Amino acid sequence: MLLAGKGFQVDFRSHAKAILELDFPDVATQLEEVLLASTIPIEEIIGSGGGETKGTQRLRKALKAKGWEKHNFVVQRTIDGLQREAQSHEVDHTRTFAAGTVALEIEWNNKDPFFDRDLEKLQEAAF
């Protein structure tokens, strides 16, 4: 990925790099294109909070332009044919490719409880 040369720090966890490179090369290419085209002016970095930043909004719009849509995953538990429990979780961006569906969360106000919640919901939806 060319992102490191543009000032991005790219970290892969577990087998993420192998999965992207081998199973979802189109995803890696699209994410790289969107990030390389992104800018964050210094005024947005030093400005006060108060909601989703303009940089995050631009990132969301760029992903949407490439076909990444919001999706509400519903996880249901059925016991002996009866639905006992259902939970849903909206994911910022999803897109289906030949190898499967990829979900992408953008945390503009990242707090540990939100990250943990989102990760847990994505894991539940994956199995």
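The values are calculated or read from the model by the stated rules, or taken from the named source; none is laboratory data. What you see is a predicted model, and the numbers here were worked out from it, not measured in a lab. All Cβ positions, glycine included, derive from the backbone under ideal geometry; neighbour counts span all protein chains shown. For the accessible areas, the whole protein counts, side chains as well, though only heavy atoms, and no ligand, DNA or RNA atoms are used. Shrake-Rupley method; radii C 1.70, N 1.55, O 1.52, S 1.80 Å.
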Legend entry - For segment 56-66, Karplus couplings with θ = phi - 60° (6.51, -1.76, 1.60), whole Hz, Gly/Pro x: 5, 4, 5, 5, 4, 5, 5, 5, 4, 5, 9
Inset, instruction - Mind checking the full-extension length gain between Thr29 and Val75? Use 0.36 nm per residue of separation minus the Cα-Cα distance, one decimal, nm. - result: 13.6 nm
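Excluding Ala98 itself, calculate the net charge of residues whose Cβ lies under 12 Å from the Cβ of Ala98, where each Lys or Arg counts +1 and each Asp or Glu counts -1.
For residues surrounding Ala98, the net value is -1.
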Legend entry - Lys6 - accessible surface, heavy atoms, 1.4 Å probe, Å² rounded to 10: 140 Å²
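Percent of accessible area on segment 47-89 owned by carbon and sulfur, 1.4 Å probe?
48 percent
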Inset, instruction - Provide the per residue accessible area, probe 1.4 Å, for segment 1-95, rounded to a whole number of square angstrom. - result: 73 Å²
Inset, instruction - Determine the gain in length on full extension of the stretch Thr53-Phe12; use 0.36 nm per residue of separation and subtract their C-alpha separation, reporting nm with one decimal. - result: 12.3 nm
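Between Gln87 and Lys66, what FRET efficiency comes out of the Förster formula 1/(1 + (r/R0)^6) with R0 = 25 Å and r the beta carbon distance, rounded to 0.05?
For Lys66 and Gln87, the calculated efficiency is 0.30.
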Inset, instruction - For Val10, Val102, Val34, Val74, give the ranking by accessible area with the largest first, probe 1.4 Å. - result: Val74, Val10, Val102, Val34
